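As structure tokens, the structure follows; a few thoughts come after it.
The values are calculated or read from the model by the stated rules, or taken from the named source; none is laboratory data. In this text the structure is predicted, and so the values were computed from the model without any measurement. Here the Cβ positions follow ideal geometry from the backbone for every residue, glycine too, while neighbour counts run over all protein chains shown.
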Amino acid sequence: MSNINLWNEDCLSAMRRMEDSQFQLAIVDPPYGESCNISSGGGSHTKSLVKFHQAYKEMGKSWNQVPGDEYFKELFRVSVNQIVWGGNYFNLPPCRCFVAWDKIRTVTNFSQVEFAWTSFQSPALIFRYCNNAGFILSKEERLRISPSQKPVQLYKWLLKNYAKSGDRILDTHCGSGSILLACDIMGYDIDAYEIDLEYYTAAKARLIRHQSQGTLFTADGRDIA
């Protein structure tokens with residue numbers, strides 16, 4: 001059984017206490033600092049994101065704060081390898097093995113592809129998966145918690161391609177908790193951090209619900225959790 005730990009804590013404070021190379025792989029999705037001026041003309045999926053941004057502005061919060069240099073210094077110290085979503089927004093070393101998520105079907109004002117920087121020295125890979133055609137997604141995938149939520153299937157694919165059996169995983173910005181479900185399904189231990197109490201609470205509830213229901217399977221044996 002996987003050891004899944006989710007902490008409601010600032011990740012930088014936590015990493016300062018960690019040992020060197022404590023994790024074999026860090027898979028992180030830090031805020032990029034992109035503009036949040038999104039039109040609501042792209043259907044229910046887009047409108048839900050607009051509501052997230054509006055609510056955060058009204059509450060005086062900002063989920064979009066870009067991490068500083070110390071964050072990356074600590075991230076590279078405590079993990080052997082890293083996968084950083086939005087790596088093209090940060091001042092990172094040259095990357096040979098970048099990862100691209102091709103969303104296949106997109107709505108107006110959203111990128112068709114998302115980019116991840118990695119520390120691996122292997123060929124670049126593309127993951128193709130539609131995340132906004134709700135009728136083909138499981139209930140867990142349709143549940144929207146955070147503006148930058150990524151599908152469980154994406155994290156499962158990353159673990160399959162870049163993690164080794166016995167690796168301990170780190171996530172510094174857990175958000176909706178999709179990576180928690182993927183680690184639970186794939187059998188990886190993970191320590192994940194989420195500073196926002198609402199996201200933390202929702203992600204924890206999502207994990208508990210997933211674990212109580214177990215992994216669901218399609219007729220051909222593919223899991224859809």
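Kindly indicate the residue of segment 71-108 that is exposed (fewer than 15 other Cβ atoms within 10 Å of the Cβ) and in contact (Cβ under 8 Å) with a residue 60 or more places away in the chain and also nearest to Q22 (Cα to Cα) among those meeting that condition.
R77
Results for (1) surrounded by 13 or more Cβ atoms within 10 Å (Cβ to Cβ); (2) at pLDDT below 95; (3) hydrophobic (A, V, I, L, M, F, W, C), shown as yes or no for each residue.
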residue	(1), (2), (3)
D171	yes, no, no
I179	yes, no, yes
G187	no, no, no
E198	yes, yes, no
T215	no, yes, no
D220	no, yes, no
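Would you call S35 touching a strand residue (DSSP E or B) at 6+ places or on another chain (Cβ under 9 Å), at pLDDT below 95 and either of a type in the set (D, E) or within 29 Å of T118 (Cβ to Cβ) (or both)? Don't jump to the end; show me each part of the working.
Values: touching a strand residue (DSSP E or B) at 6+ places or on another chain (Cβ under 9 Å): no; at pLDDT below 95: yes; either of a type in the set (D, E) or within 29 Å of T118 (Cβ to Cβ) (or both): yes.
No, not satisfied.
In segment 58-112, how many are at pLDDT below 85 and outside any loop (DSSP other than H, G, I, E, B)?
Final tally of qualifying residues: 1.
For A163, work out the one condition from (1) surrounded by 16 or more Cβ atoms within 10 Å (Cβ to Cβ); (2) at pLDDT below 70 it doesn't fulfil.
(2)
State whether the residues of segment 127-146 include one that is farther than 28 Å from S212 by Cα and either assigned to a loop (DSSP other than H, G, I, E, B) or modelled with pLDDT of 60 or more (or both).
Filtering segment 127-146 down to residues farther than 28 Å from S212 by Cα leaves 127-128.
Now narrow it down to the ones that are either assigned to a loop (DSSP other than H, G, I, E, B) or modelled with pLDDT of 60 or more (or both): 127-128.
Scanning segment 127-146 turns up at least one residue that is farther than 28 Å from S212 by Cα and either assigned to a loop (DSSP other than H, G, I, E, B) or modelled with pLDDT of 60 or more (or both).
For K160, only one of the following conditions fails: (1) assigned to a helix (DSSP H, G or I); (2) within 19 Å of P30 (Cβ to Cβ). What is its number?
(2)
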